[in-house]
Structures are given as C-alpha cells and as structure tokens.
1. At a 10 Å Cβ-Cβ cut-off, how would you order VAL91, VAL70, fewest neighbours first?
2. Taking the 0 to 90 degree range and rounding to the nearest ten, how far is the long axis of helix 131-154 tilted relative to the main principal axis of the chain, both from C-alpha atoms?
3. Which angle between 0 and 90 degrees, to the nearest 10, do you get for helix 188-207 versus the longest principal axis of the chain when only C-alpha atoms count?
4. What's the local net charge at ARG15, with K and R +1, D and E -1, over the other residues with C-beta under 12 Å away?
5. Once fully extended, how much extra length lies between GLU73 and ALA180, figured as 0.36 nm per residue of separation less the alpha-carbon to alpha-carbon distance?
6. Would you mind putting 61-69, 152-160, 170-178 in packing order, based on average other-beta-carbon counts within 10 Å, highest first?
7. How much length is gained on full extension from ASP92 to LEU170, taking 0.36 nm per residue of separation minus their Cα-Cα distance?
8. Among PHE121, PHE55, PHE98, rank each residue by its count of other Cβ atoms within 10 Å, from fewest to most, as a rough exposure measure.
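None of the figures in this text is laboratory data; all of them are computed from the coordinates on show. Note that the structure is a prediction, hence the values are computed from the model and not measured. Cβ sites come from the backbone with ideal geometry, for glycine too, and all protein chains shown count toward neighbours.
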Amino acid sequence: MGTEVKTRRARGERRREELLRAALRVIGERGVGQTTHRAVAEEAGVPPATTTYYFSSIDELLEEALLLFVREEVQRLRALAERLDGGVGTVDEIAALFAVELLGDDDAGDPMSRTQTTAQFELYLEATRRPALRTVARDCVQGYVDVAVAALRATGIADPERAGPSFLALIDGHALQGLASPDHAIGADDLRVALGALWAGWAALDAA
C-alpha cells in the first residue's frame, strides 16, 4: 500500500509540473490575460478539469508557475555566480561567459527560449498587480544581480554591489528590445561588447 501511495504521489507531482510548464508556455505565447485553466489544459494535452483539480484558482496556477521558473533559474544563476567568483579569466572572457549564459539559446533564435523570456517579463509585470507574486519576482531579480556582482568582484570592481544592478538593467533592456523588435535584437558578441564598455565605465570611476 505504501508503494502504491508513493507511486500515485510521484505521478501527481509529475502531472502538476507538466501543467506548470504548460502555463509558462501559454503565458509566453498569449500573455497572462489569456492564461486560463482551459488554455493551460489544452497546452498540456489533458482534460479541462485537470487544472482545477491541481490548482483551485488561476492565481494559484500563476504563482506556482513563477515559483517553478524562479527556483530553476536561481539554481542556474547561483551555479554561474560560483564559477565567476573563482576569479578566473579576463574581463572579456568573463563578459563573454556572462553574455552567453544569460542569452541562452535566444542568440540562435530558439522560439522556446524566446517564449520563456516573454513569460519571465509577463510574470514580472504581473507581480506589480499581484502582491503574492512579488517575493518570488524579487528573488529572481536578485539571482541575476548576484551573478553580476560575482562577475564584477572577480574583475576587481571596488563596489560590485553598487554596480551590479546597472549590468542587470543593461541586459534586461536588451532583452525587452529584442522581444519588442526582433530585428533590433543583439547577439552574444554585441552584448559582450556592451557589458565590457559598462565595466570600463565603472573601472574608470574606481580609478578617479
């Protein structure tokens, strides 16, 4: 009996995660306003009643979807921060690593990566209207800032905590520009150059 219970629980957890990933895809493709129980069920390929079985409201579904995204993204970012904190590599090498890791497959025009980026910003905006989403949204932003701080510390910037948010603002700005106008999206090489230029500005402030 114990084994059967564990099997059912594991199956339920897998189905729950499938629904959350389907919700993220719907958010990225249609927006938060069009993310309904029915839309998520269709995306997941399950009966409409399945989503209401696992999530009592669309708010709960959205919150859990953002939690899943943040949990995985923060884990990835912490691993990158640890690599950068080792202090290995030149400024250009670290900027290149930073650019490639944060762009992911966007540089290759991967539609799924673009959908995930869109969902991320959709949920950030939704957090301004739903207090329950704000803590996890802040956790995600802080994960990106921590990576920037680790990179700046590794390259000798005197006050990486102060400089870090400006690097995230640069990256997010380019990401939003790419979503709004794909023709103006920049690739990893251009982002590397932009990050290097911003780093040079902070280094100049340190030397002043």
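1. Details: VAL91 18, VAL70 23.
Going from sparsest to densest Cβ surroundings: VAL91, VAL70.
2. Taking the Cα atoms of the chain, the angle to 131-154 is about 30 degrees.
3. Between helix and principal axis, roughly 50 degrees.
4. Numbers: positive: ARG8, ARG9, ARG11, ARG14, ARG16, ARG21; negative: GLU13, GLU17, GLU18.
Within the 12 Å Cβ shell, the charges total +3.
5. On the way: separation 107, 0.36 × 107 = 38.52 nm, distance 2.26 nm.
Using 0.36 nm per residue and subtracting the Cα-Cα distance, I get 36.3 nm.
6. On the way: 61-69: 21.9, 152-160: 18.2, 170-178: 16.7.
The peptides rank, most packed first, as 61-69, 152-160, 170-178.
7. On the way: separation 78, 0.36 × 78 = 28.08 nm, distance 1.66 nm.
Extra length from ASP92 to LEU170 when fully extended: 26.4 nm.
8. Working: PHE121 15, PHE55 21, PHE98 24.
Going from least to most buried by this count: PHE121, PHE55, PHE98.
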